[in-house]
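The block underneath contains the structure these notes are about, expressed in structure tokens.
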Amino acid sequence: MFNALTGLNQKVGNYPGITVDKKEGVCKLSRGVKAHILDLPGTYSLNASSIDENVVIELLLNKKDKDFPDVAVVVADVENLKRNLLLFTQIKDLKIPTLLVINMNDVMARKGITLDIPKLEKLLNTKIALVSTRKGTGLQVLKSLIEGYRTLPKTQCLDATGIDPNYFDRLQKAFPNQEVYKLWLVIAQDVNFGKLARKELDVSQFRTKSISELKRLQQQEAIKRYQFINGVLKTCQVIDRSKAKDLRSKLDRILTHKIWGYLIFFGILMTIFQAIYDWATFPMDLIDTTFASLAEWVKNSFPNGGKLTELVAEGVVSGIGGVVIFIPQIAFLFLFISILEESGYMSRVVFLMDRIMRRFGISGKSVVPLISGTACAIPAVMATRNIENWKERLITILVVPFTTCAARLPVYLIIIALIIPEGTFLGFSFQALTLMSLYLIGFGMAIFSAYILDRVMKKERKSFFVVEMPNYKLPLLKNVLITVIEKTKTFVLEAGKIILAISIVLWVMASFGPGEKFKNAESIVTQNNADIPKFELDDKIAAYRLEHSYIGIVGKTIEPVIKPLGYDWKIGIGLVASFAAREVFVGTLATIYSVGSASEGENIDTIKTKMANERYSDGRKVFTLASGISLLLFYAFAMQCMSTLAIVKRETKSWKWPMVQLVGMSIIAYIFALIAFQILN
Amino acid sequence: MGLTIADLKKGERGIIIDSSSKDIPLKLLEMGCLPGNEVKLLQLAPFSDPLYLNVNDSFLAIRKDTAALILIDRIDG
């Protein structure tokens, strides 16, 4: 609905202090009249059980909020009308002008549903717009209704206080200036969601009922509202079930089947995987070579090779290239994930996987974060919010960073291309199989550590697991594309900032150094190598200089620690830089190697060729099977992403858990990389 | 304890007579899991858990331990 009204004319921000997406947009209602539209997170009612839902309640309760709406538009699905009306009647009780949109009216005939709209409008005290976002019908009616919001009645639909008149009387007397329903929501809210600091409305001294009595009252409220809604729908809605073609039960019979269900799920996972590896390689290669030639172009066309030109060519362009190269794969991942979610299939996966996942201490709902984790751990950690049980949610958050995120891909791809020979096994290329094993290893480690954490952490009995099983629908291309564009953009911009900053810092650290050795590199090297050709000498000077630059010193300092894993000090620099964000690894090596090779006039090679030619001073290659596998495993397990740590801190509200992740995962990574290198070497 | 949703077999229906246990999440009640409403067991995941239900025209899945808290009368036929 929001997409239909605003199109791409929207922006996604954050609510202050929390990481709930705040989607805003502008919609042109008529000539000269525009509406500012705020898309609130979906909720079933005004009784919040998650931070996302809480945003809705906090906003609707606070008249002083700058986002407090002139008119609330409740969007109901024609097939879930009954349930969606619960929220509608609650908002009406807050005396906010409220419009009802009944969406998907194009399927009404097919499902055998008929509605008496004028009567419904009368009984619900509102105006109704019948809309189909799929067909794009009814939007004009909705726009004109929004524009005429001032004429909407503010009267409520039913008197919910009838469930306990005495209690609500006393409540009203205690706060004579407030809406009684608003007071009740605040009290109920504190029961559901824990205490929130409120300046405007403090109900904490009004405590005449125990928590279980309040819960009982909430239940009675729901019953009362459903009595009203059922009564209304009885007179306004006719459902001829014989007309309904039962696509749902047919598809469910296969998709939630004990055997077929799982086979189809794994088939879909395989397809996604194939797409990321296969379809994305072409645009990625294109981007890689484009940026290499761009760097060369910058070098040649800017004035006489000064320090600034070098910074742009070697630091900035390589750095940006390292981000842009992600775009095809991230876009593919977000594409698949949003198709799975929009179609209603994801809920079936949750249903299928719950029992199995619970064995490992997580929930069926953890599958969604674990799959989204293959794009990026940040949205994945946020996707854990709908897991009701705190322990299951915490374990999911802790293990999600093990899944192979998009940021690991460039590292994997380049190392695989370097060390795994071409060739096929049963029709699959060795390289694709290696990549797949890495995904499996990541997923396996996530499950295994969940199991361990479940054993270590104390038990929590209540599960509170409820999953809505939506109808199957064909995903709307427009919605899918908007999601893909938005998410990819955010990811690239966020990651881009970090990568750009790190590239510049690295370049500066590599271009300057303390002491005499860096300053007099040229004379020292020339003295020691008197009779070698000029170009070789230049290379030696550059290498010597890098070794004694600030970054060289850092790399050399950690070399003893990483040597047992098979890495040299240049890789060490990449590792250090990767602790900010692992995707900088490739860019870092690119920066280091272009700084390292001074040969003027030569083509600037792509990163891959540079890495393949990298050798120790005794002529051994740096990237061998042993050091490559060790590096792959290190990246598979290490916690190298400051943004994820920050988000985990926010979601768990303590530094304890991100620190557990950082230390635990790094130790695991070190041990596995060590074992791999020592065995293979 | 009387009959609960957890006792239904695939395809069977019942009428909810009590869902007031404090361990039943509010969200479930809001989706229509309330006394007087009809419930049908549509599908069971492996190991009979979770359960895929149609309650009051809502389609949802809950775990067996929650289902065992909701008392019903079986509807025959």
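The values are calculated or read from the model by the stated rules, or taken from the named source; none is laboratory data. Note that this is a predicted model, so its numbers are computed, not measured. Please note: Cβ atoms are built from the backbone with ideal geometry, for glycine as well, and neighbour counts cover all protein chains shown.
Highlighted here are the helices (runs of 4 or more DSSP H) found entirely within the stretch A:112-174 that include at least 3 residues which are within 22 Å of A:LEU86 (Cα to Cα) and touching a helix residue (DSSP H, G or I) at 6+ places or on another chain (Cβ under 6 Å): A:117-124. Please specify each residue of the stretch A:44-73 satisfying the condition of being within 12 Å of chain B (Cβ to nearest Cβ), modelled with pLDDT under 85 and in contact with a Leu (Cβ under 6 Å, 6 or more places away or on another chain). A:ASN47, the sole residue that qualifies.
Please tell me if A:VAL312 is in a helix (DSSP H, G or I), touching a helix residue (DSSP H, G or I) at 6+ places or on another chain (Cβ under 8 Å), modelled with pLDDT under 75 and among the aliphatic types (A, V, I, L, M). Yes: the conditions hold for A:VAL312. State whether the residues of the stretch A:415-438 include one that is touching a Pro at 6+ places or on another chain (Cβ under 9 Å), over 26 Å from B:TYR52 (Cβ atoms) and either surrounded by fewer than 19 Cβ atoms within 10 Å (Cβ to Cβ) or more than 14 Å from every other protein chain (Cβ to nearest Cβ) (or both). Among the residues of the stretch A:415-438, at least one is touching a Pro at 6+ places or on another chain (Cβ under 9 Å), over 26 Å from B:TYR52 (Cβ atoms) and either surrounded by fewer than 19 Cβ atoms within 10 Å (Cβ to Cβ) or more than 14 Å from every other protein chain (Cβ to nearest Cβ) (or both), which makes the answer yes.
Being under 24 Å from A:MET108 (Cα atoms), under 39 Å from the mean Cα position of the chain (by Cα) and of a type in the set (Lys, Arg) holds for only one residue in A:LYS224, A:LYS215, A:LYS250, A:LYS234, and it is A:LYS250.
Before we move on, is B:LEU53 more than 7 Å from chain A (Cβ to nearest Cβ), farther than 16 Å from A:LYS258 by Cα and out of contact with any Cys (no Cβ under 8 Å at 6 or more places or on another chain)? Criteria met by B:LEU53.
Criterion applied to A:ALA76, A:ALA109, A:ALA129 was being within 14 Å of chain B (Cβ to nearest Cβ) and either among the aliphatic types (A, V, I, L, M) or within 30 Å of the chain's Cα centre (by Cα) (or both), and the one residue passing it is A:ALA76.
Considering the stretch B:25-41, the residues that are at the interface with another protein chain (Cβ under 7 Å from one of its Cβ atoms) and touching a helix residue (DSSP H, G or I) at 6+ places or on another chain (Cβ under 9 Å) include one that is farthest from A:VAL78 (Cα to Cα), namely B:PRO25. Considering the stretch A:551-590, and only residues there that are among the polar types (S, T, N, Q) and at pLDDT 80 or above, the residue that is surrounded by the fewest Cβ atoms within 10 Å (Cβ to Cβ) turns out to be A:THR557.
Would you confirm whether any residue within the stretch A:75-91 is more than 25 Å from A:LYS473 (Cα to Cα), surrounded by 14 or more Cβ atoms within 10 Å (Cβ to Cβ), among the β-branched types (Val, Ile, Thr) and touching a Ser or Thr at 6+ places or on another chain (Cβ under 8 Å)? Scanning the stretch A:75-91, I find at least one residue that is more than 25 Å from A:LYS473 (Cα to Cα), surrounded by 14 or more Cβ atoms within 10 Å (Cβ to Cβ), among the β-branched types (Val, Ile, Thr) and touching a Ser or Thr at 6+ places or on another chain (Cβ under 8 Å), so the answer is yes. Among residues of the stretch A:28-47 that are outside the structural domain of A:GLN189 (by TED's automatic domain parsing), none has a Cβ under 8 angstrom from a residue that is small (Gly, Ala, Ser) at a sequence gap of 6+ or on a separate chain. Quick check on A:THR281: is it away from chain B (no Cβ under 14 Å), surrounded by fewer than 20 Cβ atoms within 10 Å (Cβ to Cβ) and over 26 Å from the mean Cα position of the chain (by Cα)? Spelling it out, it is not the case that A:THR281 is away from chain B (no Cβ under 14 Å), surrounded by fewer than 20 Cβ atoms within 10 Å (Cβ to Cβ) and over 26 Å from the mean Cα position of the chain (by Cα).
One residue alone among A:VAL368, A:VAL298, A:VAL381, A:VAL312 is free of Cβ contacts under 8 Å to residues at least 60 places away in the same chain and under 15 Å from the mean Cα position of the chain (by Cα), and that residue is A:VAL368.
Would you check if A:LYS487 is part of a loop (DSSP other than H, G, I, E, B) and away from every other protein chain (no Cβ under 14 Å)? When the stated conditions are applied, A:LYS487 does not pass them. Of the residues screened, A:SER347 is one that is out of contact with any helix residue (DSSP H, G or I) (no Cβ under 8 Å at 6 or more places or on another chain), within 14 Å of another protein chain (Cβ to nearest Cβ) and modelled with pLDDT of 90 or more.
Across the stretch A:62-106, the number of residues qualifying as under 16 Å from A:ALA129 (Cβ atoms), outside any strand (DSSP E or B) and polar (S, T, N, Q) comes to 2. Scanning the stretch A:175-191 for residues that are outside any helix (DSSP H, G or I) and free of Cβ contacts under 8 Å to residues at least 60 places away in the same chain gives A:PHE175, A:PRO176, A:ASN177, A:GLN178. Applying the criterion of being at pLDDT below 85 and either aromatic (Phe, Trp, Tyr) or over 30 Å from A:GLY364 (Cβ atoms) (or both) to the residues of the stretch A:396-413, the residue that is nearest to the chain's Cα centre (by Cα) is A:PRO410.
I'd like to verify a number: residues in the stretch A:360-382 that are out of contact with any Asp or Glu (no Cβ under 9 Å at 6 or more places or on another chain) and within 23 Å of B:ASP49 (Cβ to Cβ), how many? Qualifying residue count for the region: 3. What are the residues in the stretch B:58-75 that are modelled with pLDDT of 90 or more, facing another protein chain (nearest Cβ under 7 Å) and either within 8 Å of the chain's Cα centre (by Cα) or part of a strand (DSSP E or B) (or both), if any? Residues satisfying the conditions are B:PHE59, B:LEU60, B:ALA61, B:ILE62.
Would you check if A:ILE268 is modelled with pLDDT of 85 or more, touching a helix residue (DSSP H, G or I) at 6+ places or on another chain (Cβ under 8 Å), surrounded by fewer than 17 Cβ atoms within 10 Å (Cβ to Cβ) and more than 14 Å from every other protein chain (Cβ to nearest Cβ)? Answer is yes for this residue.
What are the residues in the stretch A:355-366 that are in contact with a Lys or Arg (Cβ under 9 Å, 6 or more places away or on another chain) and either closer than 14 Å to A:ILE397 by Cβ or surrounded by fewer than 24 Cβ atoms within 10 Å (Cβ to Cβ) (or both), if any? Answer for the stretch A:355-366, where residues must be in contact with a Lys or Arg (Cβ under 9 Å, 6 or more places away or on another chain) and either closer than 14 Å to A:ILE397 by Cβ or surrounded by fewer than 24 Cβ atoms within 10 Å (Cβ to Cβ) (or both): A:ARG355, A:MET357, A:ARG358, A:GLY361, A:ILE362, A:SER363, A:LYS365, A:SER366. Of all positions in the stretch B:12-22, at least one carries a residue that is at the interface with chain A (Cβ under 9 Å from one of its Cβ atoms), assigned to a loop (DSSP other than H, G, I, E, B) and either surrounded by fewer than 15 Cβ atoms within 10 Å (Cβ to Cβ) or at pLDDT 90 or above (or both). Within the set A:MET659, A:MET642, the sole residue that is of a type in the set (A, V, I, L, M, F, W, C), assigned by TED's automatic domain parsing to the domain that holds A:LEU575 and modelled with pLDDT under 85 turns out to be A:MET642.
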